[in-house]
Structure formats: structure tokens, C-alpha cells
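Visitor: One structure, as C-alpha cells, below. Some questions next.
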């Protein structure tokens, strides 16, 4: 073992906090100057940790969804009745949907409508909640990338019901999805049937707020909120949520996706619809690194 | 005839290994805890638990077993906390080192004090660190971030500390006791 003289040791122990403090501050500055620095570090760590997260979150999931559900047993018959009722209702809606589909096909055929490009998608399990005090994001396990994992950056993440967020970092095994409730999230949306434009801004709480709507057309309570193609970051028409008023003149969006209990996410990459206005440091290393994630 | 004190006993390789393993326990436990708190338990406020846990552990070990929590290791754990979350890397390293330095300075008074006193001082330290975190993050984001999570963070830290300390006292006397090696 290395033997040091006592005064030298004392000096070292007094200096080490100062040295480490300066080192950490330097680390912050480097990360500030070069966005790729912390993205690379984080993606590397996530790729290493992803299998471990998977191993540890599997039992949790099994306890919640598998055979070990004890709480569900008590409400089984009630749930059954409710599901039957819901199923009957949904079957009626299915007929309506099929009729509308047929009508839609006929109309498209007569209009020579050019369909929008089909997105590629991959499905991944949510293995970690990587949010912090001011961040809302989750880590998704993705199948080993066929090609460049950076193709996944910018992909739209949806759960079964609506948009949950967008991929901001992707590695070989994992991708980080910034949720729509994050403070940095800004998504152009279209409101209601006439598609009035607005911006949906995350505010760290459960419901993102709506800003920049036209004062002449305030968002109506209960109106559907869909993504808008303005800015080119999102494909149009993906369901996000419904408008709700918490207070007068302060409309929020109640997300359709169950953001606090995400299990599976589908990541849709739209090859012909890559972000134009959104700067992503990975794809444009020469561009100035802004911290705009959406 | 040699009369060496026990601390000068010839060290076998197993004893050295045992001592090293015991020395690593606090930081390994801290890092593993951070990892576990990242799992999707869907507890409300789970994101706030991680910094609170890190602050509690760093405070406790700096107070009662400073040898096992050297400053460079604290810095590394801070960077780990940053990278597991989304804060800029180095931010929590700075904050944890500030917390540790403050604990080192007040150590002589605090270590023999009653639990209520150490708890109260920890709450004060956690409040200052959380406010600093808010100020630094607001500065780096170049806008005023909402302040309510700071209050929540302080409350969670204060509420978590007694149970955390109860657990860590056991670890301190058992698996982490280097002198028992």
C-alpha cells in the first residue's frame, strides 16, 4: 500500500473537495458546450444498464400483471360484467368504424388520394423511469438496431391510446423517451374538428397546458387534441388527448396515454418526415447545440 | 519477542479482501439503491426519491464513516445520479460534494449529538442543497423553473431520513465495519 507522510495526506484530504468541485464544474461546462458529450455518456450508461433494468423490472411486472395478482381476484366478477357491457358497446362501434372505413376507401379512390407514408415501428418495454425533479422521461428497451440506432432519434412514442412522447436519445439497446409532460416538451397540435393550431407545452405536472391558441377561437372543453404537422417534427393526426379547463383561460390537455404507468411503447419512425425545425445534435453535429428536445 | 498491537497484525490476503469489501459497502449500496429507485414502481414522486436517498446516504456516511465515502467517490456517485436522470452531468456531483464538505466541517459537533439534532441539521442541509439545485438548473436552462418541487424534495428528504438512518446504522455496525475485518 502507498505510504504517504502525514502532512501530505492532510493537505491532500483538504484539497480533494476543492479539486473534485472544480472537476465537476468543468464537467457541467463541457456538457453545456457540447451536447453530444452528455448524450453519449448517458446513452452508453443506459445501454449497459438496460439488461439489468430488464432483469429487475420483470418480477415487478409479474407481480402486477401475472398470476400473482391478489387484489384483482376480488373484483373479478364486477370487472367481467363491466367488460361484457363495454364489449357490446365496442362491437356496435366496430360496425360504425367498418362502415366509415368502406366510405373512406370509396372517397379516397374517387379523389386519387395519395396515402401518407407508412411509418416503421418497433415495440419496446418501459424498463426504467429516468425522470428527475424537472424531467419526465422513461427508458425503453429496443430490439438491437438494424442499422444506425440514430434513426430512432425523433421517433414518436405511443402507448395503446395516444402519443406519450418522443425519442431524444437512442443507443444500441435502449432509447430515452421524453414524455409530453416534460418541461422541455413543445408539440404543435391541432384542436377540434377544424384543426385550430396551438402549442402544447409540458409543465412538469400531469397535464400539459395549451399555449398560443388563437384568441378568436378558444379551445373548447372536450375538444380532441391531435398532433399537427407544423414544423415537420410530428406527423399530423395522431391522438394526444382532450381539452379541459382547470381554470378560466387556462386550457390543459388530458393525455390519452396513461403516462404514469407506461408498460409498452411503440416507437414510430417516419422516414420521409424527419424533423426540419427541431435541432437534434446527433444528426447535425455541426449545428449549434440547443437544448430543444421537441 | 514481538509485541505488535492488533492494528499492526500481519495482514493476510483474506483479511485485506474482507476489509476492502467492507470499505466498498457504503458506496456500493448507494449506487445500487439509485439503480433500484429507477425501476418503474409507479410510485408518485418517485423521481424525487433518488436525490433524497443520495443526500441521506452521503450525509450519514460522511458523518459516521467518512473513510468509506471519500470525496472522489462522492463525485462519481453524483455523476451517476446525473446520468441516470436527465440533469447535466456534474450538477449533482457539485451538490453532493458541497453537502459532504458542509458535513465534514460540522462533524465534530454533529457526530456525538442526539438523533433529533442530526435529523434537523440534515433537513437544513437538504433544503440548502435542493435550493442550490433549483438555482443551478434554472441558470443552466436560462429560465425560472417552478419552485414547488424544491419544497416537495425537502419534505421527502426529511421524511426519508429516519428510516434510512435506521437501516444505515445496522450496515454501519455490521457489513460496513472495516475495523471488524
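The values are calculated or read from the model by the stated rules, or taken from the named source; none is laboratory data. Note that the structure is predicted; figures quoted are calculated from it, not measured. Cβ sites come from the backbone with ideal geometry, for glycine too, and all protein chains shown count toward neighbours.
Visitor: Would you list the strands (runs of 3 or more DSSP E) that sit entirely within the range A:134-228 and hold 3 or more residues that are at pLDDT 90 or above and closer than 20 Å to residue B:149 by Cβ? Quick ask: steps written out before the conclusion?
Guide: Numbers: elements: A:137-141, A:156-158, A:163-170, A:174-179, A:186-191, A:196-201, A:209-211, A:224-227.
Of the strands (runs of 3 or more DSSP E) lying wholly inside the range A:134-228, none has at least 3 residues that are at pLDDT 90 or above and closer than 20 Å to residue B:149 by Cβ.
Visitor: Then there's this: Which one is modelled with the lowest pLDDT among residues in the range A:29-41 that are buried (at least 20 other Cβ atoms within 10 Å of the Cβ) and touching a helix residue (DSSP H, G or I) at 6+ places or on another chain (Cβ under 6 Å)?
Guide: My answer is A:38.
Visitor: Could you say whether any residue in the range A:229-236 is at pLDDT below 90, closer than 23 Å to residue A:138 by Cβ, surrounded by fewer than 23 Cβ atoms within 10 Å (Cβ to Cβ) and away from every other protein chain (no Cβ under 14 Å)?
Guide: yes
Visitor: Condition test on residue B:94, is it at negative phi and in contact with a strand residue (DSSP E or B) (Cβ under 8 Å, 6 or more places away or on another chain)?
Guide: no
Visitor: Ok, one more. Of all residues in the range B:141-165 being surrounded by 17 or more Cβ atoms within 10 Å (Cβ to Cβ), within 11 Å of chain A (Cβ to nearest Cβ) and in contact (Cβ under 8 Å) with a residue 24 or more places away in the chain, which is nearest to residue A:136 (Cα to Cα)?
Guide: B:149
Visitor: Can you name every residue in the range B:38-87 that is free of Cβ contacts under 8 Å to residues at least 12 places away in the same chain, more than 7 Å from chain A (Cβ to nearest Cβ) and assigned to a helix (DSSP H, G or I)?
Guide: The one that is free of Cβ contacts under 8 Å to residues at least 12 places away in the same chain, more than 7 Å from chain A (Cβ to nearest Cβ) and assigned to a helix (DSSP H, G or I): B:82.
Visitor: A further question follows. Just checking, which of B:168, B:99 is buried (at least 16 other Cβ atoms within 10 Å of the Cβ), touching a helix residue (DSSP H, G or I) at 6+ places or on another chain (Cβ under 7 Å), in a helix (DSSP H, G or I) and within 14 Å of another protein chain (Cβ to nearest Cβ)?
Guide: B:99
Visitor: Looking at B:89, B:40, can you tell me which residue is in contact with a strand residue (DSSP E or B) (Cβ under 9 Å, 6 or more places away or on another chain) and modelled with pLDDT under 90? Even if it seems obvious, please write down each step before you answer.
Guide: Working: B:89 fails: in contact with a strand residue (DSSP E or B) (Cβ under 9 Å, 6 or more places away or on another chain).
Criteria check complete, one pass: B:40.
Visitor: Provide a single number: the residues in the range A:4-41 that are part of a loop (DSSP other than H, G, I, E, B) and touching a residue at least 12 places away in the same chain (Cβ under 8 Å).
Guide: Within the range A:4-41, residues that are part of a loop (DSSP other than H, G, I, E, B) and touching a residue at least 12 places away in the same chain (Cβ under 8 Å) number 1.
Visitor: Would you mind finding the one in A:86, A:94, A:82 that is in a helix (DSSP H, G or I), within 30 Å of residue A:234 (Cβ to Cβ) and out of contact with any strand residue (DSSP E or B) (no Cβ under 6 Å at 6 or more places or on another chain)? First the steps, then the outcome.
Guide: On the way: A:86 fails: within 30 Å of residue A:234 (Cβ to Cβ); A:82 fails: within 30 Å of residue A:234 (Cβ to Cβ).
One residue alone meets the criteria, A:94.
Visitor: Residues in the range A:79-93: is at least one in contact with a helix residue (DSSP H, G or I) (Cβ under 6 Å, 6 or more places away or on another chain), at pLDDT 85 or above and more than 30 Å from residue B:134 (Cα to Cα)?
Guide: Within the range A:79-93, not a single residue is in contact with a helix residue (DSSP H, G or I) (Cβ under 6 Å, 6 or more places away or on another chain), at pLDDT 85 or above and more than 30 Å from residue B:134 (Cα to Cα).
Visitor: From B:113, B:176, B:93, grab the single residue that is more than 8 Å from chain A (Cβ to nearest Cβ) and either buried (at least 18 other Cβ atoms within 10 Å of the Cβ) or assigned to a helix (DSSP H, G or I) (or both).
Guide: On the way: B:113 fails: either buried (at least 18 other Cβ atoms within 10 Å of the Cβ) or assigned to a helix (DSSP H, G or I) (or both); B:93 fails: more than 8 Å from chain A (Cβ to nearest Cβ).
It is B:176.
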